[in-house]
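One structure is given below, encoded as structure tokens.
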Amino acid sequence: MYVASSRIVGGDASAECQFPWMAVVGTRSSLCGGSIIDDRHVLTAAHCVVRRNVVVNPRLLTIGVGSSRRNRARRFRVSQVTVHPQYRSSSFSNDVAVITLRRRLQWSQCVRPVCLPDQLDTALVGQICVAAGWGLTNEKNSRAENNLRSVKVPIVSSGTCRRIYGSRNFDTNNICAGDVRAGGIDSCRGDSGGPLMCSSGTQWKVMGIVSFGRGCGRRRAPGVYAFVPPYVSWINSVRS
Ligand code: ARG
């Protein structure tokens with residue numbers, strides 16, 4: 001019998017503190033990921049914090065940091081949720097939000113920020129980046145994972161993604177990643193808001209934010225990410 005080592009989709013369990021900027025962004029009924037970008041701010045997807053076109057009450061959100069295991073994460077409260085002003089839920093455009101924590105984080109081996117890219121950074125087609133999250137390991141599952149998982153996914157050309165998803169859903173502020181031909185490696189439900197990280201030298205940069213996809217890990221349906229570089233100045237304006 002063939003048992004896929006299906007994780008995030010097609011990835012592996014992360015070691016404790018392997019991605020110390022990973023945050024769980026949750027409400028009572030929803031699970032998302034996020035990336036710590038400084039000691040008071042977490043980057044996530046707008047669709048993680050907007051319900052029926054209304055930004056969720058910050059009191060209903062909790063941010064968990066400091067462990068690859070969700071149930072061991074230390075919880076932080078939120079003072080403010082800032083959604084990109086041009087976010088459109090119908091097309092997932094500008095699916096970016098910044099969460100401000102009530103208290104500052106203290107850095108440790110398991111709590112550290114990820115780098116933001118430069119505004120002019122590009123992602124190269126074929127470059128291998130990493131998506132991580134606590135989401136489903138298979139689009140047919142329903143239980144999210146307790147242990148963080150990650151998967152290596154190559155960047156796919158924008159032309160291919162635009163052909164697959166249409167130019168309304170896939171614009172110049174998106175990138176997509178996965179194995180177009182074979183499928184099998186992807187982010188999935190519950191991973192939204194988490195990072196698509198690309199390493200440059202010794203540092204990891206958050207180049208994408210998990211946004212949407214048709215199913216998970218299907219052939220000809222790579223995962224779509226908000227492309228972070230064009231949003232860097234907006235992100236910086238929120239935290240200053
Ligand atoms: N929108 C999903 C969420 O809310 C994430 C979907 C990512 N899908 C994918 N096939 N990469 O968790």
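The values are calculated or read from the model by the stated rules, or taken from the named source; none is laboratory data. Just so you know, these numbers come straight off a predicted model, no measurement behind them. Ideal geometry is used to build each Cβ from the backbone, glycine not excepted, and the neighbour counts take in all protein chains shown.
All of THR160, THR122, THR137, THR172 fail the test of being outside any loop (DSSP other than H, G, I, E, B) and either more than 26 Å from SER30 (Cα to Cα) or in contact with a Ser or Thr (Cβ under 9 Å, 6 or more places away or on another chain) (or both), apart from THR160. Of the residues making up the stretch 124-142, those that are of a type outside the set (S, T, N, Q) and within 14 Å of the ligand (Cβ to nearest atom) are CYS129, VAL130, ALA131, ALA132, GLY133, TRP134, GLY135, LEU136, GLU139, LYS140. Restricting attention to the stretch 177-192 and to residues that are more than 7 Å from the ligand (Cβ to nearest atom) and in a loop (DSSP other than H, G, I, E, B), the residue that is surrounded by the fewest Cβ atoms within 10 Å (Cβ to Cβ) turns out to be ARG181.
Filtering the stretch 140-173 to residues that are in contact with a strand residue (DSSP E or B) (Cβ under 7 Å, 6 or more places away or on another chain), closer than 27 Å to ARG74 by Cβ and not hydrophobic (A, V, I, L, M, F, W, C) leaves ASN146, ASN147, ARG149, SER150. Criterion first (more than 9 Å from the ligand (Cβ to nearest atom), at pLDDT 95 or above and more than 27 Å from GLY26 (Cα to Cα)) does GLY208 satisfy it? No.
Taking the condition more than 10 Å from the ligand (Cβ to nearest atom), surrounded by fewer than 22 Cβ atoms within 10 Å (Cβ to Cβ) and within 27 Å of ILE36 (Cβ to Cβ), does GLY201 pass? Yes, satisfied. Within the stretch 204-240, the set of residues being in contact with a Phe, Trp or Tyr (Cβ under 7 Å, 6 or more places away or on another chain) and closer than 12 Å to GLY178 by Cβ comprises GLY208, VAL210, VAL224. For SER167, the conditions (1) closer than 15 Å to ALA23 by Cα; (2) more than 13 Å from the ligand (Cβ to nearest atom) all hold with the exception of (1).
Scanning the stretch 123-163 for residues that are over 29 Å from ARG70 (Cβ atoms), among the aliphatic types (A, V, I, L, M) and in contact with a Pro (Cβ under 7 Å, 6 or more places away or on another chain) yields a total of 1.
Matching residues to (1) crowded, with 20+ Cβ neighbours inside 10 Å; (2) on the phi < 0 side of the Ramachandran plot; (3) within 14 Å of the ligand (Cβ to nearest atom):
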residue: ASP12; (1), (2), (3): no, yes, no
residue: ALA15; (1), (2), (3): no, yes, no
residue: HIS41; (1), (2), (3): yes, yes, no
residue: ALA46; (1), (2), (3): yes, yes, yes
residue: ARG59; (1), (2), (3): no, yes, no
residue: VAL78; (1), (2), (3): yes, yes, no
residue: PRO85; (1), (2), (3): no, yes, no
residue: SER89; (1), (2), (3): no, yes, yes
